[in-house]
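Shown next, in structure tokens, is the structure this report addresses.
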Amino acid sequence: MGKRKEDSKPAKVLNSSFPMQFSQIPASLKRQILISFKNLLKPIHNAFKNLFIPMSQEQLQASSASPPPFDPSQPSTPISYPIKTLQELESRSYFSSFHYPFNVASVPIQSGSLPSRPRMLVCHDMAGGYLDDKWVQGGTNEGAYAIWHWYLMDVFVYFSHSLVTLPPPCWTNAAHKHGVKVLGTFITEWDEGRAICNALLSTKESAQMYAERLTELAVALGFDGWLINMEVALAKGQIPNLKEFVSHLTQTMHSSMPGSLVIWYDSVTIDSSLEWQDQLNNKNKPFFDICDGIFINYTWAESYPKISADAAGDRKFDVYMGIDVFGRNTYGGGQWNTNVALDLLKKEEVSAAIFAPGWVYETKQPPDFQTAQNRWWSLIEKSWGIQQKYPRVLPFYSNFDQGHGYHFAIDAVQVSDTPWCNISCQSFQPFLEFSEDSTNTIQVIVNSKEASYSGGGNITFKGTLQGNDYFRTRLFLGEILLGNLPVHFTYSLKSDSSSLVGLSLEFSSTLNERMSVLLAAQGSTLLTMNQFSSKFSKVIMPHRVVKIEAAPGWVIQESSIAMNGYILTEIHAVCYKSKPDFIDLKLNSGSDHLDNDLARSPSNYYAVLGHLMVKTSDQNPDFLPSSSWLVEVQHIKWASDLQGAKTLSAKIIWKLKDGNYSMSQNYNVYVEKLANEEVGNPGTMLKREQEYLGVAQVEAFYVSDFVVPSGTSSLKFIIQVCGTDGASQKLDDSPYFQLDIEDSISSSGTNDDGMKFRNRKCECGKKAVIKFSKSKNSPQPYCCCPTDSCSYFEWCFSTQDCRRSNVSETDVSMIAELREIHNNYNLVKILVVGTIVWLLGYYLCFFCWS
């Protein structure tokens, strides 16, 4: 985006004759000569470097033969990836990919058309895309980039420089949960892009066909449309078919997915030139007129928003003026001054398109990403305001998870202590207000390090409170019209013995009557009433308080309220202290890191809010019995590691037997290892061990290289169904599949062709063979399929490794012999390279100074 063509100048004509002095050569030609000489010497330099400078193990791996190319048809850990060629798009090969069903978004968007007001579009562009977010089932980088200020935007675009950028489902799931539309990107650029356009726009029929392919992808994967970025100069004769492409894409998207969007990027003009206009005018308006909006290039001047608004007429909200957060020739300078451009756009009543908000993450803004991100988005909120409100429907559930953490918990029980990241796991994000005011008595943060009730996050309140002081902070801004049924509020809390958290609810009626209700924490009713009755319209004590025996320190509090005809507009947390002598039920912290002095001090405050659930009495989860489900295991692959332990890779799928669609958007996947306590005695009891494997958003999960302990006779894969209210089905009642290990291994089959070694098999079940990399400096053995029918690849870095892997001594000798041959070859290469260098130096001296 936003590239500029370099100025082209005619080359100078040389009238002088050869030979000439080097000083007489024009500067431009001198530069070309030196560049050519540099390009000749560079491989020679690298050759000498490889000969005389020892390589590290990492460099050795990098210099050896590349692993086999990615084959999307072969089973492997599910990833998201783009479509890079027009042939892939036309052939619909993506739908034959093993990874396709894992990439379908599971969360539908609730909102329809965009609101009639200035809107916020956010375009995510980071290092080519598909980083930690490509791992569909989650990665291991707790510090991975994420966005959690969804309430400040209307549209999210996932951008990369591949031809067809398909948004990873984690972004679509998180955005849809918060009411934000998600667009993929179709881009053509450079010479390759011109060649693509020649095929794309060759006929009207071809333009329509490719538009239909894009529509099919968006509908199948569950995202909401496309950003079209044609950054190439075209022939004038191609413009009619380009307009047909844009128009047909818009029409087919609208008919297939009401509420979808197609947005044009300010690039090629109606006269076929690649000239960024930085405004809406008659050169790009013909494209704007046949789609849903235009993303204006981000190098606009101060007067351009008003000019664009005037040109758009009654569609001025469909004009998205670009702002580059990196600040590259963008109005206001971007970065920490991005709000300068936003203030102007809001004044002119056009929409905004923020490009690359990951600047905060990529440039490592101090003091840390979490703080810098919250501070940067707070500037956006102050300038542009809040765009989304939730809760809008019930049941409503949030565990405040941002999609990353150092651990993972289910119902207050920690099931994993491995760092992880998965944006699909984001819950509804709280509207926490960022403040740099040091006078605030309580610090409020989303905390991924402290123990969680659910997922990997919580809201932590820490600071000081004196006497009857209390602290109130915003959690959610909603819009729910309440009916006849009472509404139940349930939340989990972990705190020191005197720190309490209540909920402040704001209501409005159709007559603009406002009420403020406090759902108080447990404690003395008399003291609570004395403290808060004058500050709230109504104070309600909890009707149920439950300690979690499986997780000491956690307490569940439940309260109910009936407000028929009122609209719930705000939910706040209220932090206050209790008098120790009047506590009805103390909360035991159970937190190892909590300082004892902090717990004893009457002024210090510490509490953790684990989750919040809001629902009516008729919205209780009703999980179907396990007999209602059909669970299968496919693509089973057994292997062994160097220590001889068995490893399993397999795809688990499940569905309801009646064919109905499950309303669940999350499934926790466990495995139970079953083993006879006494070998050979089938009548003995089984030893049960359960292990959490991960979470799935679709009805499929891929188990990769799972280590099976010796003595395990079968594996029971359990699929725990989760409700929209945060509830989880009991494991004993959940659907499952039991895999008999011996039967599974015997049915996998083997093949004895090639140079074999024990303990390794390729993906198609055959014994792997050893081959050698093509590196002339240091050939490396690697393991692969003997018939090249699958993509299995694994390095074997030394002859010692080969011996540990039980390669035959003949094969070990062959490896050593090949290396000796190549070392002898290197001696010959030294003589050849030296001769070439001498000749080049002699020729250059003669040419330049003769």
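Just so it is clear, none of the values below were taken in a lab; they were calculated from the coordinates. These numbers were taken from a predicted model, which means no experiment stands behind them. Quick reminder, even Gly has a Cβ in these numbers, built from the backbone with ideal geometry, and neighbours come from all protein chains shown.
Using only Cα atoms, what is the ratio of the radius of gyration of the stretch 250-365 to 2.2 N^0.38 Å? Walk me through the intermediate numbers first.
Values: Rg = 14.7 Å, N = 116, 2.2 N^0.38 = 13.4 Å.
Rounded to two decimals, the normalised Rg is 1.10.
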Open item on the list: Can you order the peptides 236-246, 161-171 by their average number of other Cβ atoms within 10 Å per residue, highest first?
Closed with: 161-171, 236-246
Task: For the stretch 326-447, alpha-carbon Rg and Dmax in angstrom - done: 17.2, 52
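Full-extension gain between Lys236 and Arg117, please, as 0.36 nm times their residue separation minus the C-alpha to C-alpha distance.
Values: separation 119, 0.36 × 119 = 42.84 nm, distance 3.60 nm.
Contour length minus the Cα-Cα distance gives 39.2 nm.
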- [ ] Would you please give the residues with an amide H less than 5 Å from that of Leu166, counting only those at least 5 places away or on a separate chain, with H modeled from the backbone geometry?
- [x] Ile83
TODO: Determine ³J(HN,Hα), in whole Hz, for all residues of the stretch 433-444 in sequence, where each value follows from phi through the Karplus function 6.51 cos²θ - 1.76 cosθ + 1.60 and θ = phi - 60°; x replaces Gly and Pro.
DONE: 8, 7, 9, 9, 6, 6, 7, 4, 7, 10, 8, 10
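Working out 0.36 nm times the residue gap between Ser534 and Ala127, then minus their Cα-Cα distance, what length gain in nm do you get to one decimal?
Working: separation 407, 0.36 × 407 = 146.52 nm, distance 5.50 nm.
Fully extending the segment from Ser534 to Ala127 adds 141.0 nm.
When ranked by the protection proxy of mean other Cβ atoms within 10 Å per residue, highest first, what sequence do the peptides 221-233, 73-85 form? Write down the numbers at each step before the final one.
Values: 221-233: 23.7, 73-85: 18.0.
Ranked by mean Cβ neighbours within 10 Å, highest first: 221-233, 73-85.
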TODO: Starting at the first residue of the stretch 403-411, write each ³J(HN,Hα) from the Karplus equation 6.51 cos²θ - 1.76 cosθ + 1.60 with θ = phi - 60°, in whole Hz, x for Gly and Pro.
DONE: x, 6, x, 9, 7, 9, 10, 10, 6
Task: Computed log₁₀ I(q)/I(0) - Debye formula, equal Cα scatterers, no solvent, the stretch 135-180, q 0.29, 0.30 Å⁻¹ - done: -1.19, -1.20
- [ ] Could you compute the FRET efficiency for Asn282 and Thr647, with r as their C-beta to C-beta distance and R0 at 56 Å, rounded to 0.05?
- [x] 0.30
Task: the stretch 364-414 - Debye-derived log10 I(q)/I(0), Cα point model, q = 0.21, 0.22, 0.26, 0.27 Å⁻¹ - done: -1.00, -1.01, -1.04, -1.05
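Go ahead and run the numbers for FRET between Ser713 and Leu481, Cβ-Cβ distance against an R0 of 56 Å, rounding to 0.05.
Computed FRET efficiency for Ser713 and Leu481: 0.50.
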Open item on the list: Taking every alpha carbon pair in the stretch 626-746, what does the distance histogram look like in 5 angstrom bins from 0, in percent?
Closed with: 2, 10, 20, 23, 18, 14, 8, 4, 2, 0
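If r is the Cβ-Cβ distance from Ile270 to Val393 and R0 is 35 Å, what FRET efficiency results, to the nearest 0.05? Intermediate results must be reported in sequence, preceding the final value.
Details: r = 44 Å, r/R0 = 1.26.
Taking R0 as 35 Å, the efficiency between Ile270 and Val393 is 0.20.
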- [ ] Would you calculate the separation in nanometres between label points at Ile745 and Lys364, each defined as 7 Å from the Cα along the Cα-to-beta-carbon direction?
- [x] 4.7
Task: Separation in nanometres of the label points that stand 7 Å from Cα toward Cβ, at Ser96 and Asp310 - done: 5.6
Open item on the list: Assuming a strict under-20 Å limit between Cα atoms, what lysine pair count do you get for the stretch 626-746 once near-sequence pairs (fewer than 8 apart, same chain) are dropped?
Closed with: 19
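Would you mind putting 254-261, 400-407, 740-747 in packing order, based on average other-beta-carbon counts within 10 Å, highest first? If you can, show how the numbers build up before the last one.
Numbers: 254-261: 16.0, 400-407: 23.6, 740-747: 12.8.
Taking the mean over residues of other Cβ atoms within 10 Å, the ranking is 400-407, 254-261, 740-747.
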TODO: Using θ = phi - 60° and the Karplus relation 6.51 cos²θ - 1.76 cosθ + 1.60, list the HN-Hα couplings for the stretch 237-242 in order, rounded to whole Hz, with x at every Gly or Pro.
DONE: x, 8, 4, x, 6, 5
TODO: Please label the shape of the stretch 184-305 as rounded, prolate or oblate, based on the square roots a ≥ b ≥ c of the eigenvalues of the alpha-carbon gyration tensor (a/c under 1.5 means rounded; beyond that, a/b larger than b/c means prolate, else oblate).
DONE: oblate
- [ ] Express the C-alpha Rg of the stretch 396-616 as a ratio against the empirical globular expectation 2.2 N^0.38 Å, rounded to two decimals.
- [x] 0.99
